[in-house]
Amino acid sequence: MRGALVLLACLAACQTRPAPAPAPSLAARLAARLAAFRGDVGVYVRHLATGAEFAHRADEVFPTASMIKAAIAAALLTRVDRGELDWHAELTYTTDRRYPGEDLLGAFADGSKVTLDKVAMLSITTSDNTAALWCQELAGGGGAVNDWLAAQGFVATRVNSRTPGREAAKAEFGWGQTTPREICELLVAAHEGRLGSPAVSDELQRLLGRVYWDGEALAAIPPWVHTLSKQGAVNASRSEVVLVQAPHGAYVFSVITNHQHDQGWSHDNEGFVLLRDVSALLWQHFEPQHPYTPPPGHQRFAGAGCAAPRRISRR
């Protein structure tokens, strides 16, 4: 009898005790994190297998900064695919091409020889501005890149710099412009082999899979996971687009900021922190069986290029 009374008391207590609050959804966690950011921000996320997505100002136009180099590379690869350019052709670098900053190609001596494929690699891997501007020229110029983008169905993504007729857009957005959704779609189209041709799609994936700038969104993803990515940064804007080949299915996301309050170039810049935080939230959500936190001491290696002065100009 005494045991029965104890059991009844326990049941009564359980009935009156409030149920634990459900864990916040991914959308709620992302929304809370974005609300704390001082500036404008657009985010798009999609899990490719399930179609689950999150969108926050995902169809608004934002500056690309160096992310536009992915589109330039794709248009360049299309010319190679058509036989109009030789991917291994030897080019002659002249110092009048040098864009001020810390570019590797810009350190070459006048008259140095370099092959086209290496110029394209530098434009993506180290985000070399001198190389990317040369690639834009070889792709036919900004107008040709924009024609290629339009033919692929991209409405908002455009090159503005050194492109006749786009002076006003350049003054507002800088080198290029896009939406969080469209820049994700560029990577998804390459991933699915439908960016012009399968050969162009494959080679663009190889380029986007060899990125030096791994201190932000990529730092929150385990190093054993393959990613495609492109980063961009100018004073008032930090951005990154990443396609993650996660164990339980690929997902893609982009984060683009503008009019940032914090325009510093240290590792703890609010835009850089936001990129890392969003990436970490997504990995935790999509891959709970593979928890990952950057190990102690990772700060010694992260953010190596955050203060690079070459990223300040809008070209």
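Read-outs: derived from the displayed coordinates by stated rules, not from any lab. Here the structure is a predicted model, which means the values were calculated and not measured. When we count neighbours, we look across all protein chains shown, and the Cβ atoms used for this are built from the backbone with ideal geometry, even at glycine.
Things worth noting here:
- In the range 31-54, the qualifying residues are those that are in a loop (DSSP other than H, G, I, E, B) and not small (Gly, Ala, Ser), and the one that is surrounded by the most Cβ atoms within 10 Å (Cβ to Cβ) is Phe37.
- If the condition is being in a helix (DSSP H, G or I), surrounded by 22 or more Cβ atoms within 10 Å (Cβ to Cβ) and touching a Lys or Arg at 6+ places or on another chain (Cβ under 9 Å), then the range 240-283 contributes Gly271, Phe272, Leu274, Leu275, Val278.
- All helices (runs of 4 or more DSSP H) inside the range 115-232 with 1 or more residues being closer than 30 Å to Gln299 by Cα, free of Cβ contacts under 8 Å to residues at least 24 places away in the same chain and in contact with a helix residue (DSSP H, G or I) (Cβ under 8 Å, 6 or more places away or on another chain): 116-125, 198-208
- Search result, residues across the range 105-114 that are outside any loop (DSSP other than H, G, I, E, B) and not β-branched (Val, Ile, Thr): Leu105, Gly106, Ala107, Lys113
- Conditions (1) buried (at least 24 other Cβ atoms within 10 Å of the Cβ); (2) polar (S, T, N, Q); (3) farther than 21 Å from Asn235 by Cα: number failed by Thr178: (3)
- Of the residues making up the range 95-102, not a single one is more than 19 Å from Tyr212 (Cα to Cα), polar (S, T, N, Q), touching a residue at least 12 places away in the same chain (Cβ under 8 Å) and not in a helix (DSSP H, G or I).
- In the range 143-175, the residues that are surrounded by 24 or more Cβ atoms within 10 Å (Cβ to Cβ), out of contact with any Ser or Thr (no Cβ under 7 Å at 6 or more places or on another chain) and of a type in the set (S, T, N, Q): Asn160
- If you go through the range 140-169 and pick out every residue that is within 20 Å of Glu240 (Cα to Cα) and out of contact with any Gly (no Cβ under 9 Å at 6 or more places or on another chain), you end up with 4.
- Matching entry among Thr78, Thr64, Thr95 (being closer than 18 Å to Thr115 by Cα, in contact with a helix residue (DSSP H, G or I) (Cβ under 9 Å, 6 or more places away or on another chain) and surrounded by 17 or more Cβ atoms within 10 Å (Cβ to Cβ)): Thr78
- Residues (under 24 Å from Ser239 (Cα atoms) and basic (Lys, Arg)) located in the range 194-216: Arg206, Arg210
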